[in-house]
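Every read-out reported here was derived from the displayed coordinates using simple, explicitly stated rules and does not represent laboratory data. It should be emphasised that the depicted structure is a prediction, and the values quoted were computed from it without experimental measurement. Please note: Cβ atoms are built from the backbone with ideal geometry, for glycine as well, and neighbour counts cover all protein chains shown.
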2 protein chains.
Amino acid sequence: MEVYLERAQRIVARINDLAGISEDPKGITRTFGTAAFVEGRDKVADWIKEAGLETRIDSIGNVRGKLSCSQPNAKTFVIASHIDTVVNAGKWDGPLGVIMGLDLVEQLIQTEAELPFNIELIAFSDEEGVRFHTTYLGSKVVTGSFDKHLLGKKDASGIMLKEAIATMGCNISDLQKDAIEADTWLGYFEIHIEQGPVLYERNIPAAVVTSIAGQRRIEITFEGMAGHAGTVPMDRRNDALCCAAGFVLQTEKYAIENKERIVATVGKLNIVNAASNVIPGEVVCSLDVRSADETDLNQACGHLQNLCNKISEARNIKTRWKLIQQTAPVSCDKDLVNLLSHSIAQENLETISLVSGAGHDAVPVSVIAPVAMLFVRCFKGISHNPLEDVELKDIEATVKISDNFIQNLIKKYNQ
Amino acid sequence: MEVYLERAQRIVARINDLAGISEDPKGITRTFGTAAFVEGRDKVADWIKEAGLETRIDSIGNVRGKLSCSQPNAKTFVIASHIDTVVNAGKWDGPLGVIMGLDLVEQLIQTEAELPFNIELIAFSDEEGVRFHTTYLGSKVVTGSFDKHLLGKKDASGIMLKEAIATMGCNISDLQKDAIEADTWLGYFEIHIEQGPVLYERNIPAAVVTSIAGQRRIEITFEGMAGHAGTVPMDRRNDALCCAAGFVLQTEKYAIENKERIVATVGKLNIVNAASNVIPGEVVCSLDVRSADETDLNQACGHLQNLCNKISEARNIKTRWKLIQQTAPVSCDKDLVNLLSHSIAQENLETISLVSGAGHDAVPVSVIAPVAMLFVRCFKGISHNPLEDVELKDIEATVKISDNFIQNLIKKYNQ
């Protein structure tokens, strides 16, 4: 079994190698199209090329390595994750899936596995969307759903997306050509850290994802009346912050009561013209609600909006409720989920299933192909943080699981 | 009685005249030492000079007009308020007291009243402290409590206080000379808008102030654990905002229960590294507590700190409680308060007494002289806002009350 440990060690070495490339010397930051990003991307491309895959950088900066099967008109199974990061990131979110995918394909090449389908290993160039406030630029090109209107979008320094693409040496006129045709997809597989504490707390190395939560992002404005903190008596106030605080607590209470179905978070809260000696007159806050089930999501948002209205009316506060963004829940493919569960069970590991609260490239892919995701335990569920960590023994277990998975998939396809 | 209406109309005309001078064309802003401030100050100085007072600009930019009595070694009674403003101010906060004081002194001159004490009418140059984040620069010079260390303090553009003073043509070497000797003060009288809704709601033109609330300003930090809004289950969270929200509501509840004794306000609340998809890991907020009674103030702050600790411990959140500023409550002089109450009653008006929740120049003056304040009703209690307003009939009533007051004071002093 020494071989699995060695493969895990090599995966960690590559993760560390890639983490050494950063925009800022004290942390890990590789946002789309920057010099650090390009350096990291080229390193990954070299590894993929060395492994023997037909490798290229596509028009949005994705690294794409193809392992073709000998059969004509074979479908393509995509193994992927992303290599861009948030600012001051951890080293695992994204790279783990790309480098474990590479390890898996290397194994197939070394064992001269006979493939009934093509495999395309992809390192997506933009999943986090930090630089251009976008979502899934990389996978949207691969799925043919890239919105060309985004090309004029500017980053914080005024550089347009199309300029950033050109700077990387990519050609926007190829964006459409780089899509994998809808009818040639066999499926999609992504390994990713859980970014949550369930596996850590339950002491399980990895679990299959059954769905990716849908999301509503709402902006709520509470309008009361500003006043002097020293001169307006307590019973004459119309304090927008007290009203917002009531909403924050009621939202938390409702979400805890319905914790099996939703999560809800107030992540931003801004008092307009705040001063320590001024009663808050206006508060704007964000509300993020997620659920694996569209009905639950609608119900939760409806209930929270009612709560918001009730609390505000009781305080004579005006509110505005503005839907900013919404994505529908995504179900992973049942057959692939079963295959993956079986692959976990083959290692005598407990099989549990998880809902992904975070979005992933599997979301846009799910529109045209069956998707599957494997979550790997991470330290305390911490993510988007330098403290992000994954244990070697969990990588070893995941190597075995993904070996099982690809073998099961080949077997199934050959039946 | 036509004469009182005419005096009130002249007061309003002068208030409007002064309000026309501003740093910004669309509002009223005259912060200490700016060109608009100097223009407004010089206009006020001209009015005071025209009235026949011995007028000068002192070393901190206060306008000082003296009406001397014929008796040797007479004490001095100061009538004052301020002419600086907050940003985007109303026209009444400050100017009302200066211009009503001027009207009062003009009346004494016209009626050739025989004064048993000197009167000094002062338009303080800096009460709001907006430009240099200071308090009571003008009255501190007059009371001899000016802190010379402040001279090096810089405004937002890096200009030092001493430079701003020089720009106005004032001489900082005279700062000490401009104090009125402690043993020569007879007392201090200030007319000011209430800046609260009590008179408006009770339909009373004016009321005597019995005390000025003491204040504690506290900065509270709640430290939880940031996390992904989509991936951390509701029962695994350590949300600093939910904790702060609990504190905001408990503080409001306690202050309402004790509304006769204190007011308490959370005016600022900042989520560190806030993002709509991140569970708040750290929240910093301000707490402003005021009371006319030092014991009540201490008790309230102690209770709120305990509340804060309890709420935080229950949520496993770390807190820091940091006292930023404190001022003790000030009691107005009982004899002057009684005289002022009697002056109100003489007009067959209901006499109620108020606590000032806002600080005033009377605070530093109270250290060396007996102080009295008369609050005038303002529209809905709105202040520090262009909506600030005072009705003509209330100014008329206040003219009569202040006439009564000065006559009663002369009578009393002659006894």
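Nearest the rotation axis from B to A, which residue of chain B has its beta carbon, and at what whole-angstrom distance?
Reported as residue, whole Å: B:Ala245, 2.
For the range B:193-235 and the range A:206-247, what is the centre-to-centre distance using only Cα atoms, to the nearest Å?
16 Å
Compute a Gaussian network model of chain A, connecting alpha carbons closer than 10 Å, and tell me which residue from A:Thr351, A:Thr398, A:Thr295 fluctuates the most.
Per the Cα network of chain A with a 10 Å cutoff, A:Thr295 tops the list.
How far apart, in nm, are the 7 Å Cα→Cβ label points at A:Lys49 and A:Ala314?
According to this spin-label approximation, the distance is 6.6 nm.
Restricting to the protein assembly as shown, what percent of DSSP beta bridges are antiparallel, rounded to 5? Please report the intermediate quantities before stating the final value.
Details: 88 of 130 bridges.
Bridges in the protein assembly as shown are about 70 percent antiparallel.
Go ahead and set up a Gaussian network model of chain B, Cα springs under 10 Å, then flag whichever of B:Phe124, B:Phe379, B:Phe37 fluctuates most.
B:Phe379
Please give the Cα centre distance for the range A:331-383 versus the range A:2-76, rounded to the nearest Å.
So the separation of the two Cα centres works out to 21 Å.
Please report, in debye to the nearest 20, how large the charge dipole of the range A:214-327 is about its Cα centre when each Lys and Arg carries +1 at its beta carbon and each Asp and Glu carries -1 there.
Working: 14 positive and 13 negative charges, 38 e Å.
Using only the charged Cβ atoms, the result is roughly 180 debye.
So what's the Cα pair-distance distribution over the range B:214-327, bin width 5 Å, in %?
2, 13, 23, 22, 16, 11, 7, 4, 2, 0
Projected area of the range A:303-415, taken from the Cα convex hull and averaged over every viewing direction, in nm²?
With the hull built on Cα positions only, its mean projection is 11.2 nm².
In straight Cα distance, which lysines are under 25 Å from B:Lys153, not counting same-chain residues fewer than 8 positions off?
Excluding near neighbours in sequence, the set is B:Lys140, B:Lys162, B:Lys177, B:Lys268, B:Lys322.
According to the Cα gyration tensor, what semi-axes, each the square root of 5 times an eigenvalue, does the equivalent ellipsoid of chain B have, listed from largest to smallest in whole Å?
Working: eigenvalues 357, 117, 79 Å².
Over the Cα atoms of chain B, the ellipsoid semi-axes are 42, 24, 20 Å.
Once the label point is placed 7 Å from Cα along Cβ, list for B:Trp321 the distances to the corresponding points in the other copies, in nm, shortest first.
3.7
For chain A, what does -39500 (n - 2.57) per DSSP helix run (n ≥ 4), summed and divided by total residues, give at 222 nm, in deg cm²/dmol to the nearest 500? Each step should come with its number before you reach the end.
Values: 11 runs with 147 residues, N = 415.
The helix-only estimate for chain A comes to -11500 deg cm²/dmol at 222 nm.
State, in angstrom, two size descriptors of the range B:1-81 derived from its alpha carbons: Rg to one decimal place and Dmax to the nearest whole number.
Rg and Dmax of the range B:1-81, Cα atoms, are 15.2, 49 Å.
Dividing the alpha-carbon radius of gyration of the range A:57-120 by 2.2 N^0.38 Å (N being the number of residues), what value is obtained?
On the way: Rg = 13.8 Å, N = 64, 2.2 N^0.38 = 10.7 Å.
The value comes to 1.30.
How many nm separate the modelled label positions at A:Leu392 and A:Ala345, each set 7 Å beyond the Cα in the direction of the Cβ?
So the two model labels end up 3.2 nm from each other.
If you take the alpha carbon radius of gyration of the protein assembly as shown and divide it by 2.2 N^0.38 Å, what ratio comes out, to two decimals? Could the numbers behind the result be given before it?
Numbers: Rg = 35.5 Å, N = 830, 2.2 N^0.38 = 28.3 Å.
Rg over 2.2 N^0.38 Å, computed on Cα atoms: 1.25.
Going Cα to Cα from B:Lys310, which aspartates and glutamates come in below 20 Å? Please leave out same-chain ones fewer than 8 positions away.
Within the straight-line cut-off, B:Lys310 pairs with A:Glu252, B:Glu219, B:Glu223, B:Asp235, B:Asp239, B:Glu252, B:Glu257, B:Glu282, B:Asp288.
Rounded to the nearest 20 Debye, what is the dipole magnitude of chain B about its Cα centre when Lys and Arg each give +1 and Asp and Glu each give -1 at the C-beta?
Values: 42 positive and 55 negative charges, 253 e Å.
Approximately 1220 debye in magnitude.
Modelling each spin label as a point 7 Å along the Cα-to-Cβ direction, I'd like the B:Asp147/A:Lys411 distance in nm, to one decimal.
Label-label distance for B:Asp147 and A:Lys411, simple model: 7.9 nm.
List the distances, in nm to one decimal, from the label point of B:Asn171 to the label points of the same position in every other copy, shortest first, placing each label point 7 Å from Cα along the Cα-to-Cβ direction.
Distances to the matching label points in the other copies: 8.0 nm.
In Å, what Rg and Dmax follow from the Cα atoms of the range A:283-329?
Calculated on Cα positions, Rg and Dmax stand at 12.0, 36 Å.
Quick one: net charge around B:Ser59, please, counting Lys, Arg +1 and Asp, Glu -1 for every other residue with C-beta under 9 Å from its C-beta. The partial results should precede the final answer.
Numbers: positive: B:Lys177; negative: B:Asp58, B:Asp174, B:Asp178.
Spelling it out: positives minus negatives among the neighbours equals -2.
Put a point 7 Å out from Cα along the line to Cβ at A:Tyr4; what are the distances to that point in the other copies, in nm, shortest first?
9.7
Helix by helix, which DSSP H runs in chain B go 18 Å or more along their axis at the Cα atoms and have an average Kyte-Doolittle hydropathy of 1.0 or more?
Details: long enough: B:2-19 (26 Å, -0.11); B:35-50 (22 Å, -0.41); B:95-110 (22 Å, 1.13); B:240-257 (26 Å, 0.81); B:294-314 (30 Å, -0.60); B:392-414 (33 Å, -0.37).
Once both thresholds are applied, what remains is B:95-110.
Could you point to the residue in A:Leu115, A:Gly97, A:Ser157 farthest towards the positive end of the range A:55-161's charge dipole, with +1 and -1 charges on the Cβ of Lys/Arg and Asp/Glu respectively?
About the Cα centre, the residue reaching furthest to the positive side is A:Ser157.
Could you compute the FRET efficiency for A:Ser68 and A:Gln325, with r as their C-beta to C-beta distance and R0 at 45 Å, rounded to 0.05?
Details: r = 39 Å, r/R0 = 0.86.
Efficiency, rounded to the nearest 0.05: 0.70.
About the Cα centre, and with charges only on the beta carbon of Lys, Arg (+1) and Asp, Glu (-1), how big is the dipole of the range A:94-198? Nearest 20 debye, please. It would help to have the intermediate numbers written out before the result.
On the way: 7 positive and 17 negative charges, 139 e Å.
Rounded to the nearest 20 debye, it is 660 debye.
Pick from B:Met373, B:Met100, B:Met168: which is most flexible by mean-square fluctuation in a GNM of chain B where alpha carbon atoms under 10 Å apart are linked?
Most flexible of the set in this elastic network: B:Met168.
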